[in-house]
């Protein structure tokens, strides 16, 4: 049963143990940040931004942003409850929703959060893919709030790639991580359908250029 005893126990235990482990795990990695000037530009305005990245990198991105004030959109699925609690234990807030369930309500909550001065954290290719194809959520949010979309990517010289749809990657202990900020993308208000596709393709291009640049440092075309 969804609300059975062991499910409730696991909801408390799994996120706690997972966060404890990745804090130790990732603290052993050597980090190098690229494009810091783009983040500095945003912070200088004292306005928030919408962090956008490919799903493969979600674990390290959430850890990297643990000191930032942000609200992440997490799937409304049962498994999403674990992710939501992990995100919150890392210091950020969540709203629940996906393309198939509660997506628009989640976007509305994100709009309110961003207008209140909080950063948004959105996986660009969604919770189910297809991989490295931008979905419209971050662009709609940017158009409604007037804040930029900030592309992110990272690569690593030693990592574990899982067999999921996105090829989720996990840096190995004592590895070297290169984290990239990309140039912020500003989206006009009242975005029309044809403009939405134009900006969707532009964000997709920027994320893929950043992704290619990041993994080229490791001598790879992709992770």
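Of all residues in the range 85-107 being within 17 Å of residue 51 (Cα to Cα) and in a helix (DSSP H, G or I), which is nearest to the chain's Cα centre (by Cα)? Per the criteria, the residue is 87. Are any residues in the range 120-138 more than 18 Å from residue 59 (Cβ to Cβ), buried (at least 22 other Cβ atoms within 10 Å of the Cβ) and modelled with pLDDT of 95 or more, and if so, which ones? Selection gives 120, 134.
The residues of the range 15-36 that are loosely packed, with under 14 Cβ neighbours inside 10 Å, touching a residue at least 60 places away in the same chain (Cβ under 8 Å) and under 21 Å from the mean Cα position of the chain (by Cα), listed by number, are 16, 30, 32, 33, 36.
All conditions but one from (1) farther than 24 Å from residue 146 by Cβ; (2) assigned to a strand (DSSP E or B) apply to residue 127; the one that does not is (2).
Please verify whether residue 181 is farther than 23 Å from residue 71 by Cβ, within 16 Å of the chain's Cα centre (by Cα) and crowded, with 18+ Cβ neighbours inside 10 Å, treating the condition exactly as stated. Can you show your working first?
Working: farther than 23 Å from residue 71 by Cβ: no; within 16 Å of the chain's Cα centre (by Cα): yes; crowded, with 18+ Cβ neighbours inside 10 Å: yes.
No; evaluated as a whole, the condition is false for this residue.
For the range 4-14, the tally of residues that are surrounded by fewer than 13 Cβ atoms within 10 Å (Cβ to Cβ) and at pLDDT 90 or above stands at 1. Do we find a residue being modelled with pLDDT of 95 or more and part of a loop (DSSP other than H, G, I, E, B) anywhere in the range 195-210? No: zero hits. Applying the criterion of at least 1 residues that are within 16 Å of residue 91 (Cβ to Cβ) to the strands (runs of 3 or more DSSP E) found wholly in the range 10-78 leaves 50-53, 70-74.
Give the range 153-168 a look and list any residue that's touching a helix residue (DSSP H, G or I) at 6+ places or on another chain (Cβ under 6 Å) and surrounded by 22 or more Cβ atoms within 10 Å (Cβ to Cβ), or say none. Walk me through it before giving the result.
The initial filter retains those residues of the range 153-168 that are touching a helix residue (DSSP H, G or I) at 6+ places or on another chain (Cβ under 6 Å), namely 153-155, 166-168.
Within the range 153-168, 153, 154, 155, 166 meet the criteria.
Considered as a group, the residues in the range 170-186 that are in a loop (DSSP other than H, G, I, E, B) and touching a strand residue (DSSP E or B) at 6+ places or on another chain (Cβ under 7 Å) include one that is nearest to residue 160 (Cα to Cα), and that residue is 172. For the range 146-169, the tally of residues that are touching a strand residue (DSSP E or B) at 6+ places or on another chain (Cβ under 8 Å) and farther than 21 Å from residue 217 by Cβ stands at 4.
Residue count for the range 69-92, restricted to those that are over 21 Å from residue 136 (Cα atoms), crowded, with 16+ Cβ neighbours inside 10 Å and without any contact (Cβ under 8 Å) to a residue 60 or more places away in the chain: 4. On the basis of being closer than 18 Å to residue 179 by Cα and touching a residue at least 60 places away in the same chain (Cβ under 8 Å), does residue 11 make the cut? Here the answer is no, as residue 11 does not meet what is asked.
On the stretch given as the range 93-105, residues that are under 29 Å from residue 43 (Cα atoms) and either touching a residue at least 24 places away in the same chain (Cβ under 8 Å) or surrounded by fewer than 16 Cβ atoms within 10 Å (Cβ to Cβ) (or both) total 7.
The values are calculated or read from the model by the stated rules, or taken from the named source; none is laboratory data. Everything numeric in this text was worked out from a predicted model, so none of it was measured. Cβ atoms come from the backbone with ideal geometry, glycine included; neighbour counts cover every protein chain shown.
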